[in-house]
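Accompanying notes for the structure given below.
The values are calculated or read from the model by the stated rules, or taken from the named source; none is laboratory data. For clarity, every value in this text was computed on a predicted model and none was experimentally measured. When we count neighbours, we look across all protein chains shown, and the Cβ atoms used for this are built from the backbone with ideal geometry, even at glycine. Calculation scope for accessible area: heavy atoms of the full protein, side chains included, ligands and nucleic acids excluded. Shrake-Rupley method; radii C 1.70, N 1.55, O 1.52, S 1.80 Å.
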Amino acid sequence: MTLVKEAPVRPAQKRSAAPAAGRRGRRRENLAGYLFMSPWIAGFLLLTAGPMIASLYYAFTSYNLFTPPKWVGLDNFTTMFQDPRWQKSVEVTLKYVVVATPLKLLLALGVALLLAQKRRGQALYRAAFYMPSLIGASVSVGFVWRALFSDDAVVDRTQKIFGLDVGGWIGNPDYVLYSLVALSIWQFGAPMVIFLAGLKQVPQELYEAAEVDGAGPLRRFWNITLPMISPVLFFNVLLESIHAFQVFGSAYVVSDTRCGPADATLVYTCYLYQKGFKEAQMGFASAMAWTLVIAVALVTAVLFWSQKKWVHYEEAAK
């Protein structure tokens, strides 16, 4: 009897089955991941990407929601740049961004420096200072703010104690924008929390060494704290600048939907809303929206370019 030996399985044959099974397992994992992501993907395509593409097309058309859009090329942009109220909205928005953003960040950094020190009730103080950021964007706060800055209200009576008789800020074109700035500054909780996180990462050994060298508080802040938290500062400047360009709710509510008086609070998005939803000029409003997108993108690009000169990263230092 002749015994036939079974041919041994080569190592290559054993290895070839393992990668195939691994690829099948990865496909199943990827499929499960895409299934879990599908609600977000559908929402992004239907609620974000789709409307953005549609608005880009409408920006070059004459469209009023009731008749089919008619292609007009660059007419919307030409009319927009020549519109005095559009120019006024750009002026008001830039003024708001330049005034509100630095003041808000300065207050947030100052409070963060105080809260970074160890003291009793620290968690309570942090929660109290962060609370306005949670409710500041609500319509109800806008009405409260309008009541505070109206004629013969709390702010008006308080400033009269100090000899300032300018009346209510809401009805004064010279002061009403600063009431919006005050509302923005009051909502400093979000950047404050980010500053706190950055301050916690600063090594205490640097402060101890600086104290040994005789450096005072201001010098330690300028030479140690600011450079070490510069990435966090850059993030806050970028985020708050973008938010300031998009301000709408506070201006619309505080001004009683008029964005006034005398267009004093006619921020860019408020004028966009008026053209698009009150005057039904959706083509013009789409052109305004894309102009704002381009402007914010340019500001973001400038900030990223400038960070090379004042933002210090620990990895780069190594």
Legend entry - Amide N proximity, the stretch 230-249 versus Ala210 label position 7 Å along Cα-to-Cβ, cut-off under 19 Å: 230-234
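Rank Glu205, Glu240, Glu279 by accessible area, highest first, at a 1.4 Å probe radius?
Working: Glu205 120, Glu240 15, Glu279 85 Å².
Largest accessible area first, the list is Glu205, Glu279, Glu240.
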Inset, instruction - Work from the charge dipole of the chain (Cβ charges, +1 for Lys and Arg, -1 for Asp and Glu, about the Cα centre) and give the residue of Tyr207, Ala244, Pro102 farthest towards its positive end. - result: Tyr207
Inset, instruction - Identify which of Arg28, Arg157, Arg220 has the largest mean-square fluctuation in a Gaussian network model of the chain, with springs joining Cα atoms closer than 10 Å. - result: Arg28
Legend entry - Ser306-Arg24 FRET efficiency (beta carbon distance; Förster radius 41 Å; 0.05 resolution): 0.25
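Only helices at least 15 Å long along their axis, Cα-based, and averaging -1.0 or more on Kyte-Doolittle count here, so list those DSSP H runs from the chain. Before the final figure, lay out each step's value.
Numbers: long enough: 11-44 (49 Å, -0.57); 84-115 (46 Å, 1.05); 122-135 (21 Å, 0.66); 176-186 (16 Å, 2.03); 189-200 (17 Å, 1.53); 230-245 (22 Å, 1.32); 282-310 (41 Å, 1.22).
Taking the DSSP H segments of the chain (at least 15 Å long, mean hydropathy at least -1.0), we get 11-44, 84-115, 122-135, 176-186, 189-200, 230-245, 282-310.
Give the calculated FRET efficiency between Ala182 and Ala147 to the nearest 0.05, with a Förster radius of 22 Å applied to their Cβ-Cβ distance.
Working: r = 14 Å, r/R0 = 0.62.
Efficiency for this residue pair is about 0.95.
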Legend entry - Amide N of the stretch 28-61 lying under 20 Å from the label point, which is placed 7 angstrom from the Cα of Asp75 along Cα→Cβ: 55-61
Inset, instruction - Note the direction-averaged projected area, equal to a quarter of the hull surface, for the Cα convex hull of the chain, in nm². - result: 32.7
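Which value, in debye to the nearest 20, describes the size of the charge dipole of the chain about its Cα centre when Lys and Arg Cβ atoms bear +1, Asp and Glu Cβ atoms bear -1, and nothing else is charged?
Values: 30 positive and 20 negative charges, 373 e Å.
Around 1780 debye, computed over the chain.
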Legend entry - Gaussian network model of the chain, Cα within-10 Å springs - most flexible of Phe245, Phe143, Phe66: Phe66
Legend entry - Cβ-based charge dipole, the chain, positive-most Cα from Val254, Ala197, Gly283: Ala197
Inset, instruction - Please calculate the 1.4 Å probe accessible area of Lys70, with all protein chains present, and give it to the nearest 10 Å². - result: 140
Inset, instruction - Evaluate the distance, in nm, between pseudo-label points positioned 7 Å from the Cα of Asp256 and of Leu65 along their respective Cα→Cβ axes. - result: 2.4
Legend entry - Which listed pairs, of Lys95/Lys278; Lys70/Lys95; Lys88/Lys160; Lys88/Lys309; Lys104/Lys309, have C-alpha distances above 27 Å, in listed order: Lys70/Lys95; Lys88/Lys160; Lys88/Lys309
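With a 1.4 Å probe and all protein chains left in place, how much of the accessible area of the stretch 54-181 comes from carbon and sulfur atoms, in whole percent? Please list the in-between numbers first.
Details: 5210 of 7850 Å².
Using a 1.4 Å probe with all protein chains present, the stretch 54-181 comes out at 66 percent carbon and sulfur.
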Legend entry - Using a Förster distance of 41 Å, the FRET efficiency for Leu56-Ile161 (Cβ separation, nearest 0.05): 0.15
Inset, instruction - Provide Tyr63, Tyr130 ordered by accessible surface of protein heavy atoms (probe 1.4 Å), highest first. - result: Tyr130, Tyr63
